[in-house]
Amino acid sequence: MAYMVLKYLRLHWIYTIVMGYFSAAIVLYMLSDIHILIPCLWKAVTGYDCPGCGLTTALIALLKMEWAYAWSANPMIFGIFPVFIFLILRDFWRFRQRQIDSLQNN
């Protein structure tokens, strides 16, 4: 199973890099309050919050199991996060099935 996960990560290297960056940035922010994430371009240009503003804060609150704070930061996290996890797991499941099918056909 670990071999298949590594193969999946190698095949989807862009996802791996992006998720690694965001994971490292969130952990760094949670542990030391150092913020290295890319700022919101919409807010930088217009000065107004975009619909996604606060998602990082909400995700960090969700990881700390601070449900009320996550909701106040951005309620969309409760819809986006489960869908995001579902899409990743579905993509991995399909990859796994293709690998199993290719092994059975050989």
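State the number of residues belonging to the stretch 1-29 that are exposed (fewer than 13 other Cβ atoms within 10 Å of the Cβ) and in a helix (DSSP H, G or I). Break it down into steps so the answer makes sense when it comes.
Taking the stretch 1-29 and keeping what is exposed (fewer than 13 other Cβ atoms within 10 Å of the Cβ), we get 1-3, 5-6, 10-11, 13-14, 17-18, 20, 23-24, 27.
Of the ones still in play, those that are also in a helix (DSSP H, G or I) are 2-3, 5-6, 10-11, 13-14, 17-18, 20, 23-24, 27.
Final tally of qualifying residues: 14.
Out of the stretch 39-68, which residues are surrounded by fewer than 10 Cβ atoms within 10 Å (Cβ to Cβ), assigned to a loop (DSSP other than H, G, I, E, B) and either on the phi < 0 side of the Ramachandran plot or at pLDDT below 90 (or both)?
Pro39, Gly47, Tyr48, Pro51
Restricting to the stretch 69-87, what's the tally of residues that are out of contact with any helix residue (DSSP H, G or I) (no Cβ under 8 Å at 6 or more places or on another chain) and surrounded by 13 or more Cβ atoms within 10 Å (Cβ to Cβ)?
1
Could you check Cys50 against (1) touching a residue at least 24 places away in the same chain (Cβ under 8 Å); (2) touching a Leu at 6+ places or on another chain (Cβ under 9 Å) and say which number it fails?
For Cys50, the exception is condition (1).
Somewhere in the stretch 72-85, is a residue modelled with pLDDT under 85 and closer than 28 Å to Leu9 by Cβ?
no
The values are calculated or read from the model by the stated rules, or taken from the named source; none is laboratory data. Computed from a prediction, not measured in an experiment: that's the story for all the values here. Positions of Cβ are generated from backbone atoms using ideal geometry, with glycine treated the same way; all protein chains shown enter the neighbour counts.
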